[in-house]
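The values are calculated or read from the model by the stated rules, or taken from the named source; none is laboratory data. The model shown is predicted, which means the values in this text are computed figures rather than measured ones. For accessibility, only protein heavy atoms count, side chains too; no ligands or nucleic acids. Shrake-Rupley method; radii C 1.70, N 1.55, O 1.52, S 1.80 Å.
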Amino acid sequence: MAAETKTVCFRCGQDVKYYDSVLRIIRTKGRKTGQIKIQRFRCSHCGCIHRNLPDDVFPYKQYEAEIIRGVLEGFITPETIGYEDYPCEMTMIRWKSQKTQLLL
Ligand SMILES: [Zn+2]
């Protein structure tokens, strides 16, 4: 069981149990789409669902994590060139306002 990560509920701190897996579609810089498999865990104490996300994917965001990180850390701005699929300024502002949720 070495690959299993220990996950606890963010709400009540109890252990969570494996629930199911879901496929999520992601979009990359090259305008290609791909699918990743995300494991879901359920807290047996309060019943809330947790998603075990790979390090390089943020929930519900169809941009590469690299770009999101760049925006959040401030080294990608609306003036930055080199990202053909780069987000519009409003998207960047929204990410910044959601920073806490994005990094959960
Ligand atoms: Zn819980």
Query raised in the report: What is the gain in length, in nm to one decimal, between T77 and H45 on full extension, counting 0.36 nm per residue of separation less the C-alpha to C-alpha distance?
Result: 7.3 nm
Query raised in the report: Which far-off residues, 5 or more places away or on another chain, put their amide H under 5 Å from the one on I26, with H placed in the peptide plane?
Result: G34, Q35, I36
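Taking all protein chains as present, what is the carbon and sulfur share of the accessible area of the range 7-54, in % to the nearest whole number, probe 1.4 Å?
45 percent
How much length is gained on full extension from Y18 to A65, taking 0.36 nm per residue of separation minus their Cα-Cα distance?
14.4 nm
Report the Rg/Rh value for the range 7-54, based on alpha-carbon coordinates and the Kirkwood definition of Rh. Spell out each step's value before the answer.
Working: Rg = 13.5 Å, Rh = 11.8 Å.
Result: Rg/Rh = 1.14.
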